[in-house]
1. Quick one: Karplus J couplings for the stretch 117-125, per residue in order, coefficients 6.51, -1.76, 1.60, θ = phi - 60°, nearest Hz, x for Gly and Pro?
2. Read phi for every residue in the stretch 139-146 and hand back ³J(HN,Hα) as whole Hz from Karplus 6.51 cos²θ - 1.76 cosθ + 1.60, θ = phi - 60°, with x for Gly and Pro.
3. So how far, in whole Å, is the C-alpha centre of the stretch 300-366 from the one of the stretch 85-113?
4. Determine the calculated [θ] at 222 nm for the chain from helices alone, applying -39500 (n - 2.57) to every DSSP H run no shorter than 4 residues and normalising by the residue count; nearest 500 deg cm²/dmol.
5. Distance between the C-alpha centers of the stretch 383-404 and the stretch 170-210? Whole Å please.
6. Rounded to whole Hz and in sequence order, give me ³J(HN,Hα) for the stretch 329-345 from the Karplus expression 6.51 cos²θ - 1.76 cosθ + 1.60, θ = phi - 60°, writing x for Gly and Pro.
7. Rank-order 322-335, 286-299, 79-92 by packing density, defined as the average count of other C-beta atoms within 10 Å over each peptide's residues, highest first.
8. Given a Förster radius of 25 Å and the C-beta distance between Leu197 and Val226 as r, what FRET efficiency does 1/(1 + (r/R0)^6) yield to the nearest 0.05?
Amino acid sequence: MTLEKTSTDDNINHRDTNGSCNSGHVVADVDEVKTPKFIYTQEEEKLVRKINFKTVPFICLITFLQYLDKATLNYSAVMGIYQDTKITGNQFGWLGSIFYLGYLLFQVPNQYFLQRFPISKYLGVCLVIWGVVLGCTPLAKDFSQLAALRFLQGFFEAAAYPSLQLLISTVYRRSEQILWFGALMGCTDLASTVGGLIGFGFWSMHGAYGLSGWKWCMLILGCITVIVGVITFFFMPDKANSKWYRLTFNEIAIVESRMRDNTIIQKKREINRQQIFEALQEPRFYSYMFICFLVHLVNGCVSIFTTTIIKNMGFSDMESILLNIPVGFSAILLNIMSIYLCYRFNENNYIGAIMSIITFIGILFLTVLPIGGSMLTGILLITPSPVSAITLTVISNNVSGYTKKVFYNGAYLVVYCLGNFTGPLMIRENEAPRYLSGMVGYMTGMIITIILFLYTRWTIVRDNRYRQRLKLENKLPPPPLSTRENELDYSDGQNLRFLYRP
């Protein structure tokens, strides 16, 4: 295999093995199963820096707030919510789960709105609404009121991840997306890390002006979220050729090339039912969904019960909050490691399997190590965010067609909700501090996840070899004759020139 850097004009005229214009020249034999690494021109590198500068702050800030707002319940466990609302431990678990019931029920209208409205306007409105709901949560007096507000918060927070996933899939090349899906999960981990300090700050405000620490936490973070929502509505770039990028004539040509590489045709607004039926017939679709469900069983536990589990090890309320800092920091390091390995070896599914093994080991440590500080080793390894980032990447890299991509993302979010809904319910108050039945369930899920990652990679290698054999034998259908190819919305199943990324 050889790679050559080409001029900007070649970006427009050269077609790669995926049937898209590309600034790298590619020669591959039939036994090659991986898509080649991309080499950038100087002009595209400059464009990418411009895109990053104006897009990444929104991606990171919204993801950070989305997790922090959701995790306020985690910190509230030791900041007076039990005493103020008279809830029990099992009701606390239900508050974690009911958030995802709202999240789940919003996915059907979410799919419609994502195809009908600009991402910035839609996401900005949802940010404002969920910020208001979070800010009103301190008014709750009992479990039923808390449950209703948590449901509404989950309902409107459901717009965040699919909107950002679609934005990343649209603006960035397939080879770039592992970095930004990793950043998506990294910001979640950062929120966990910084959240420990923020939680300690709110804990120290307990009793100020007659309000408990958890009330200050939700009130202030709700106001911040509303402000971010207004800024998002007016200023967030939401498409590859957004006016906020201030593209030059040459950059417009490069952007069109990048859109073809993504195979995401954002101009399409009608729903292509054929692409939905195609997705439902693919075994990989069900593999990805099972991976998502099993991984987020663990996430449902981590996002709600980390502080409670740490406290059960014998730490004080303050220490339980502050120990979320190294937990989040460990998750960031594991996420960085997974991104590096994916780039270094041009692999996603193998790395996903490896990170699943690490999560399995973390859960195992929580069940076998002596009760006390040594169990923190398990908490430090249990993070599911690297596996989540890789799952999002393999879906984004290997699914083309606008409706099909939106459908995959929507199905992912439905299963994400089911996993996060079920995960906290597996932690039973009477099993503290081991929570053995829940931990055994999580470990079983991670073993199945490892197997599914290996299976999906095998199917990708098989399909790539078949398509490359067709190319070598000149049996591929001719490329589209349209001079406006960027308006042709082909799925990966329809476009046999499309190569999957393992």
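Coordinate-derived values only; no laboratory data. Please read all numbers here as calculations on a predicted model, not as lab measurements. Please note: Cβ atoms are built from the backbone with ideal geometry, for glycine as well, and neighbour counts cover all protein chains shown.
1. Using θ = phi - 60°, the values come out as 10, x, 4, 5, 5, 5, 5, x, 5 Hz.
2. 6, 5, 10, 8, 4, 4, 5, 4
3. 23 Å
4. Numbers: 20 runs with 350 residues, N = 502.
Computed ellipticity for the chain at 222 nm equals -23500 deg cm²/dmol.
5. After rounding, the separation between the Cα centres reads 20 Å.
6. Here the 3J(HN,Hα) series is 5, 4, 5, 4, 4, 5, 5, 4, 4, 5, 5, 4, 5, 5, 5, 5, 9 Hz.
7. Packing proxy ranking, top to bottom: 286-299, 322-335, 79-92.
8. Numbers: r = 22 Å, r/R0 = 0.89.
Once rounded, the FRET efficiency stands at 0.65.
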